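Engineer: So that we are looking at the same thing, I have put the structure below in structure tokens.
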Amino acid sequence: MESGKLIVLEGIDGSGKSTQYRLLQERFQREGIQFHSTVFPRYQEESSALIRLYLSGAFGSKPEDVNACAAAAFYAVDRYAAYKQDWGGIYEAGGLILADRYTTSNAVHQGSKVPRPELGAFFDWLYDFEYVRLELPRPNLVIYLDVDITTSLSRIRRRAAMAGEKPDIHEQNELYLRQCLDTGKLAAAHYGWQVIPWEKDGQEREAGEKSQEIFSLIKKQGLI
């Protein structure tokens, strides 16, 4: 029986998820809030093998070379393994889980491959597949970080340069990222996610301001 609480930070690459995840962890620690954190995909684990092959281009050089359902299954398996091996026991004992990405990422990234008239049915299929068939916990709150494509691409390129790594087939495809951005907004509306705007009065918002808004949303929902 599901008895814990699950908070998810979602958004496309370069939307600031990692920053908000870190700030939220630090805030929870300062406030003395007990929580367990997890990041997806888990690239260092064997359960992500198919994800790593996919992103490296082993199945095709473009994201659409692997259809939405197949790619969704790659990511779902990694999350299932994480639940069984890592945080499931904590969650089932009533613990608070904070996730940087979750099943929600399949809606954003794989949904971008689906023709618009079929997108609603794909969103419903994902919900059934991951939450009903795989029995993964449903999030109590999904916080979707909006961003514009220029900022997203700039952050992706800067991060890759600093790490000395080549962007994966998602990150190096601007058209795909634009499609993900559009699909993410549709997914947020479909599932009822809380959207955090990336700008205010035409200016990019400070990370601290967004973090305070996120923390207030979590408190308002009674999750802490």
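The values are calculated or read from the model by the stated rules, or taken from the named source; none is laboratory data. These numbers come from a predicted model, not from an experiment. Cβ sites come from the backbone with ideal geometry, for glycine too, and all protein chains shown count toward neighbours. These accessible areas exclude ligands, DNA and RNA; they are computed on the full protein's heavy atoms, side chains included. Shrake-Rupley method; radii C 1.70, N 1.55, O 1.52, S 1.80 Å.
Engineer: Which pairs in the list 5/219; 113/166; 62/113; 113/185 are over 19 Å apart, alpha-carbon to alpha-carbon? Each step should come with its number before you reach the end.
Structural biologist: Values: 5/219 12 Å; 113/166 23 Å; 62/113 11 Å; 113/185 15 Å.
Going by Cα-Cα distance, 113/166 fall outside the 19 Å limit.
Engineer: Counting other Cβ atoms within 10 Å, which GluC sites (Glu not before Pro) in segment 138-206 have at most 14 and lie in a DSSP loop? Provide the component values of the computation, followed by the final result.
Structural biologist: Numbers: sites: 165, 171, 174, 199, 204, 206; in loops: 165, 171, 206.
Qualifying residues, ordered by number: 165, 206.
Engineer: Which FRET efficiency value, to the nearest 0.05, is calculated for residue 22 and residue 67 with the Förster distance at 25 angstrom and r the Cβ-Cβ distance? Don't jump to the answer; show the numbers that get you there.
Structural biologist: Values: r = 34 Å, r/R0 = 1.36.
About 0.15, to the nearest 0.05.
Engineer: Now for a separate question. What does the charge count around residue 155 come to, taking other residues whose C-beta lies under 13 Å from its C-beta (Lys +1, Arg +1, Asp -1, Glu -1)? Could the numbers behind the result be given before it?
Structural biologist: On the way: positive: 17, 157, 158, 159; negative: 13, 148, 171, 204.
Within the 13 Å Cβ shell, the charges total 0.
Engineer: What residue among 185, 200, 17 has the largest mean-square fluctuation in a Gaussian network model of the chain, using Cα springs under 10 Å?
Structural biologist: 200
Engineer: I've got another one for you. With N set to the number of residues, divide the alpha-carbon radius of gyration of segment 66-224 by 2.2 N^0.38 Å and report two decimals.
Structural biologist: Numbers: Rg = 16.6 Å, N = 159, 2.2 N^0.38 = 15.1 Å.
Here the answer is 1.10, to two decimals.
Engineer: Of the heavy-atom accessible surface of the chain (probe 1.4 angstrom), what whole percent is carbon and sulfur?
Structural biologist: Working: 5320 of 10940 Å².
Whole-percent figure for carbon plus sulfur exposure: 49.
Engineer: For the chain, what is the percent of antiparallel DSSP beta bridges, rounded to the nearest 5?
Structural biologist: Working: 2 of 18 bridges.
Around 10 percent of the beta bridges assigned by DSSP in the chain are antiparallel ones.
Engineer: When the helices in the chain are scored as -39500 (n - 2.57) per DSSP H run of 4 or longer and the sum is shared across all residues, what 222 nm value do you end up with, to the nearest 500 deg cm²/dmol? Working shown, then result.
Structural biologist: Details: 8 runs with 99 residues, N = 224.
Computed ellipticity for the chain at 222 nm equals -14000 deg cm²/dmol.
Engineer: Send over a whole-number figure in Å² for the accessible area per residue of the chain, probe 1.4 Å.
Structural biologist: Numbers: 10940 Å² over 224 residues.
Here the residues of the chain average 49 Å² of exposed surface.
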